[in-house]
Structures are given as C-alpha cells and as structure tokens.
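Heads up: the structure comes next, in structure tokens.
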Amino acid sequence: MAFCSNCGAEVQGKFCAKCGTPAPAGAAPTSSGPPPETPGAYTAPPPPPPPPSAPLPPPAAVPQAAGLDENVACALCYLLGLLTGILFLVLEPYSKNRLIRFHAFQAIFFNVAWIAALIVLSIIGFALMPIPFLGAMLSIVLHLGAWLGFLILWLMLMYKAYNRERWVLPVIGPLAEKQA
C-alpha cells in the first residue's frame, strides 16, 4: 500500500481519500504498512483537518426579494385609479413587467374616461333641469346608472387583473396595449 506524503493516510488510487493530495507518480503500492522511518529522521506531523464549512440555511429561511406578486400589483393598479396607475408605472420593479404596465395604463385611461363621462353627464343634467319634475328625475337616473355601471366595471377590472386575465376594454384597451 502507498501512503500519502502529506497526511500519512493510506492511498488507494491516484489521490489521497483523506486530504485529496495526489499520490506520488513513482510511488509503488507496498503491502507492508507504513513507510519505514529512518532512525533519527524528523517527520512532520500531519496538518490539521480543514475546518468544517458553515451549514447553509434552509431554503425557507433565505430572505426573498420584497415586492408584490404580479396579480396583486395588477389589481392594485385599479384601486385608486390615476394615482395607483401612475405609481405602478413609476416604481422600478413593476415598470418593467408588460402585464402590470398594461393594467396601469388601462386604469389611467379608464379613470380619464370616467371623469369625461361625469362631465358630459353633468352637462346633460344641467340641460334637463329646466324641465320641471322629469328633468331632475332623468338627471338622477342617468347619474346613478353611470355610477353603478362604472362601479361594476371597476370591480370587474380588478377581479380580472387579480386572476391574471388580460381583459381589454373596447376603446381604451387597445390604447393601453400600445403603451405597454
């Protein structure tokens, strides 16, 4: 048997199994045990074993990147309309995601359309006011109908965005797709 010149362990093959040092090329395996020592010769003690490496933390303990899931960010784009739409277009990790950008632009365009519709409904309401009773009732019904329609549409947009569906509104959806 051959012995390692570094640590003195028995070598079976080309490398020491204990320290990994290559076995000498000219060393022939002997079967008589450790190499004979010359009387009075100094032999160096074997080097200490390498320190154990620190164990890695389990995968659950590794901190993950802070941020929202894609579906939550898409739904939050619609929450406060213009404010959250612009916010998700400006914030760095979300501004690079195409789906979040689409929902942010659609939320902005939806709220601009909502404001424009309210202005038009107010003008129509003022035009109907001279009609004694019917004008006020038509104005109230138009405003309530518009509010209810936009509320349902707003909730559906948030629901579809949370479920990772790309629900494109008829006029403003293609504009949002071009921007995203």
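Each row is one residue, and each column tells you yes or no for (1) over 30 Å from ALA75 (Cα atoms); (2) touching a Pro at 6+ places or on another chain (Cβ under 6 Å); (3) without any contact (Cβ under 8 Å) to a residue 24 or more places away in the chain.
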| residue | (1), (2), (3) |
| --- | --- |
| ALA127 | yes, no, yes |
| PHE133 | yes, no, yes |
| LEU138 | yes, no, yes |
| LEU144 | no, no, yes |
| LEU153 | no, no, no |
| ALA161 | no, no, no |
| PRO170 | no, no, yes |
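Conditions: (1) at pLDDT below 95; (2) assigned to a helix (DSSP H, G or I). ILE152 meets all but one. Number of the miss?
(1) is the only condition that ILE152 fails.
Given the criteria within 30 Å of GLN179 (Cα to Cα), among the hydrophobic types (A, V, I, L, M, F, W, C), surrounded by 16 or more Cβ atoms within 10 Å (Cβ to Cβ) and at pLDDT 80 or above, does ILE108 qualify?
The answer is yes for ILE108.
Within the set of pairs 6 or more residues apart or between chains, which connect a residue that is in a helix (DSSP H, G or I) inside segment 99-113 to a residue that is among the basic types (Lys, Arg) with Cβ atoms less than 9 Å apart?
LEU99/ARG164; LEU99/ARG166; PHE102/ARG166; HIS103/ARG166; PHE105/LYS178
If we keep just the residues of segment 72-98 that are touching a residue at least 60 places away in the same chain (Cβ under 8 Å) and surrounded by fewer than 16 Cβ atoms within 10 Å (Cβ to Cβ), which is farthest from the chain's Cα centre (by Cα)?
LEU79
Being out of contact with any Phe, Trp or Tyr (no Cβ under 9 Å at 6 or more places or on another chain) and loosely packed, with under 13 Cβ neighbours inside 10 Å is true for just one of LEU128, LEU138, LEU144. Which residue is that?
LEU144
The values are calculated or read from the model by the stated rules, or taken from the named source; none is laboratory data. Values in this document were obtained by computation on a predicted structure and should not be read as measured data. Note that we place each Cβ from the backbone using ideal geometry, even for glycine, and neighbour counts take in every protein chain shown.
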